[in-house]
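Chemist: Pasting a structure here, questions to come.
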Amino acid sequence: MQLLLLLLGVVLVKECNAELRRVRVLHRISGAKGDLTEKQACLQLSCQAPKFWASGLFHNCELKNYINGLGDFVLYVDADQMKARYGNTDEHGFSWLVTRRINNDTGDCTTASDASSRVYYADTHGIWITGPLTLNFCEDIQGRQYNHFTVKECKFYSKQPSKINMEPIGTYHLKLDNIADRFKVQRLLEQVNEGRPRCRYNALSIAYFH
């Protein structure tokens, strides 16, 4: 009961001198049945990684929508904490780290994170996907079919300025055969991450679609 009260407390609005960055998160809540209230959904989300919520890395959970087990959340991240541990990252590296931390750096990943401060472009069929930098990523994913998309094209986009968790992290630009609705992109991300430990990839629509 004390743990539940603690976790409920950390999702309330906090005043803090840290730089808080707004993040939009899609997260599938495993085992949830029926509709959840905002408090229930935020509690489920915080239970994924209680130490990061208790440390103040994450703040102020808000549920925007909840459909068939998939929660659409807004939360705030202490960017100073993230920078102190991992140095400077761009929006892609930052969002990738958020996805990892929400899942406590373990387990299967059903999460897609997107920093609200990033730039949006009119590329309706494009997504960015961030993860370990490998020579054959594009070769392996180009042409693959997923539930809602086929990957028509893959190009290397950028590399993080320094290694994260002792490995180089890169971002790739994928061109899909259908409009990259963010909810469908989250499902694609689940499939890409399936069977891979520790949330290897994070993905987001280049143009923002509800």
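Chemist: Would you mind stating whether GLU190 is surrounded by 14 or more Cβ atoms within 10 Å (Cβ to Cβ), touching a strand residue (DSSP E or B) at 6+ places or on another chain (Cβ under 8 Å) and acidic (Asp, Glu)?
Modeler: Numbers: surrounded by 14 or more Cβ atoms within 10 Å (Cβ to Cβ): yes; touching a strand residue (DSSP E or B) at 6+ places or on another chain (Cβ under 8 Å): yes; acidic (Asp, Glu): yes.
Considered against the rule, which asks whether it is surrounded by 14 or more Cβ atoms within 10 Å (Cβ to Cβ), touching a strand residue (DSSP E or B) at 6+ places or on another chain (Cβ under 8 Å) and acidic (Asp, Glu), GLU190 comes out as yes.
Chemist: State all residues of the stretch 163-178 that are in contact with a strand residue (DSSP E or B) (Cβ under 9 Å, 6 or more places away or on another chain) and in a loop (DSSP other than H, G, I, E, B); if no residue qualifies, say none.
Modeler: Of everything in the stretch 163-178, those that are in contact with a strand residue (DSSP E or B) (Cβ under 9 Å, 6 or more places away or on another chain) and in a loop (DSSP other than H, G, I, E, B) turn out to be LYS163, PRO168, ASP177, ASN178.
Chemist: For ALA207, state whether it is under 19 Å from the mean Cα position of the chain (by Cα), part of a strand (DSSP E or B) and closer than 25 Å to VAL119 by Cβ. If you could, list the steps in order and put the result at the bottom.
Modeler: Numbers: under 19 Å from the mean Cα position of the chain (by Cα): yes; part of a strand (DSSP E or B): no; closer than 25 Å to VAL119 by Cβ: yes.
So ALA207 does not fit the description; no.
Chemist: Based on what the data block shows, is PRO161 touching an Asp or Glu at 6+ places or on another chain (Cβ under 7 Å) and touching a residue at least 40 places away in the same chain (Cβ under 8 Å)?
Modeler: no
Chemist: Suppose the filter is more than 18 Å from LEU97 (Cα to Cα) and buried (at least 19 other Cβ atoms within 10 Å of the Cβ); does ALA41 pass it?
Modeler: yes
Chemist: Would you check if LEU189 is of a type in the set (A, V, I, L, M), closer than 23 Å to ASN65 by Cα and outside the structural domain of ASP72 (by TED's automatic domain parsing)?
Modeler: Yes, satisfied.
Chemist: Identify, please: which residue in the stretch 149-162 is assigned to a strand (DSSP E or B) and among the hydrophobic types (A, V, I, L, M, F, W, C) and is, among those, surrounded by the fewest Cβ atoms within 10 Å (Cβ to Cβ)?
Modeler: As a first pass, look at the stretch 149-162 and keep what is assigned to a strand (DSSP E or B): 150-159.
Of the ones still in play, those that are also among the hydrophobic types (A, V, I, L, M, F, W, C) are 151, 154, 156.
On the way: VAL151: 22, CYS154: 19, PHE156: 13.
That would be PHE156.
Chemist: Contact list please: Cβ distance under 6 Å, first residue in the stretch 48-61 and in the same structural domain as TYR86 (by TED's automatic domain parsing), second residue surrounded by fewer than 19 Cβ atoms within 10 Å (Cβ to Cβ) and of a type outside the set (A, V, I, L, M), pairs at least six apart or on different chains.
Modeler: So the pair list comes out as GLN48/ASN104; ALA49/ASN104; LEU57/GLN81; HIS59/LYS14.
So that you can scan it fast, the table gives a plain yes or no per residue for (1) touching a Cys at 6+ places or on another chain (Cβ under 8 Å); (2) crowded, with 22+ Cβ neighbours inside 10 Å; (3) assigned to a loop (DSSP other than H, G, I, E, B); (4) among the hydrophobic types (A, V, I, L, M, F, W, C):
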position: PHE73; (1), (2), (3), (4): yes, yes, no, yes
position: MET82; (1), (2), (3), (4): no, no, no, yes
position: ASP105; (1), (2), (3), (4): yes, no, yes, no
position: CYS109; (1), (2), (3), (4): yes, yes, yes, yes
position: ALA122; (1), (2), (3), (4): no, no, yes, yes
position: ILE129; (1), (2), (3), (4): no, yes, no, yes
position: THR134; (1), (2), (3), (4): no, no, yes, no
position: ASP140; (1), (2), (3), (4): no, no, no, no
position: ASN147; (1), (2), (3), (4): no, no, yes, no
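Chemist: Still on this structure, please answer the following. Assuming ASN202 fulfils every condition listed in (1) out of contact with any helix residue (DSSP H, G or I) (no Cβ under 7 Å at 6 or more places or on another chain); (2) touching a residue at least 12 places away in the same chain (Cβ under 8 Å) apart from one, which condition is it?
Modeler: Answer for ASN202: the failing condition is (1).
The values are calculated or read from the model by the stated rules, or taken from the named source; none is laboratory data. This one's a predicted model, so the numbers in the text were calculated from it and none came from an experiment. Cβ coordinates were reconstructed from backbone atoms using ideal geometry, including for glycine residues, and neighbour counts include every protein chain displayed.
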